[in-house]
Amino acid sequence: MTLPLAPSGLAVVHLVGAGPGDPDLLTVKALRLIQSAHVVVYDRLVGEGILALVSADAERICAGKQSGHHPLPQDEINALLIRLARPGRRVVRLKGGDPFIFGRGGEEAEALRAHGITVEVVPGITAAAGCAAMAGIPLTHRDAAQSLRLLTGHLREDHDLELDWGRLADPACTLVVYMGVGTAGLMARGLIGAGLSPQTPVAVIERGTTAAQRTCFGVLEHLEADVERWQILPPALIIIGKVVDLAPRCAG
Ligand SMILES: C[S@@+](CC[C@H](N)C(=O)[O-])C[C@H]1O[C@@H](n2cnc3c(N)ncnc32)[C@H](O)[C@@H]1O
């Protein structure tokens, strides 16, 4: 099925979530858009399996980003999208996971709208949901966690992690840390210092939902040493909380 183009005169950019890696986790809408795109601007997190589904006629532009290494700074990505958007052209900005969860989709949408460009956001399965499902970890559970928090472990310009440890150290809340492998020790010390049990179960999921997924289990007090010992490769996600103990240990 082909998608209708926006009414003439209207420039549109589709901010599309590609999910955490497995192409089968794309939404039907995301698939339709990438199959009928004229231009696809994609992130490093978008893998080959998904890029293989992009229309062969589409122009592909990699705006890949990795912590500490930014081939295209965010303002240049914004400027590129603004330049590409024009009436009659289907521009897809394809992002790993969900565009509005640690994906800088909010900034891109703001910049585009400020230039009169219409933005359509297509949600994707965020890494927390995809990785937890594949590892068999229910993120909430009546007996183990009544709430869920998604955090970033990424340091802004070498500042300390500016997190409210007192509020995060809640044994009834599951914490999912994105971009947190490099700061796992800071995270563990902050949480234990604020009263969370050092024995709180932890899982680290590497390349979740792909054929190369690896899931490692431990406890909070050993997280820093374990991450080093396991030699975790990006992208990886950390799940902290009692729900981790509900996973089948053969997962991953
Ligand atoms: C810039 S954030 C993008 C998050 C994305 N927008 C989402 O909703 O999942 C990148 C971080 O997401 C996490 N991540 C994304 N895909 C992952 C995967 N397949 N397995 C494990 N972690 C993943 C990692 O923590 C990675 O450092």
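The values are calculated or read from the model by the stated rules, or taken from the named source; none is laboratory data. Computed from a predicted model, the values in this text were never measured in an experiment. Here the Cβ is made from the backbone with ideal geometry for all residues, glycine too, and neighbour counts use every protein chain on show. For accessibility, only protein heavy atoms count, side chains too; no ligands or nucleic acids. Shrake-Rupley method; radii C 1.70, N 1.55, O 1.52, S 1.80 Å.
Tabulated values for the structure
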| quantity | calculated |
| --- | --- |
| Among Arg156, Arg90, Arg189: highest mean-square fluctuation, GNM of the chain, C-alpha pairs under 10 Å | Arg156 |
| Distant-in-sequence amide H partners of Ala18 (H built 1.01 Å from N, under 5 Å) | Lys95, Gly96, Gly97 |
| Cα gyration tensor shape for the stretch 147-224, rounded if a/c is under 1.5, else prolate or oblate | oblate |
| Accessible carbon and sulfur surface of the stretch 119-211 relative to its total accessible area, %, 1.4 Å | 53 percent |
| Separation in nanometres of the label points that stand 7 Å from Cα toward Cβ, at Ala133 and Leu233 | 2.4 nm |
| Net +/- balance of residues flanking His222 in space, Cβ distance below 11 Å, scoring K and R +1, D and E -1 | -3 |
| Rounded accessible area per residue of the chain, 1.4 Å, Å² | 49 Å² |
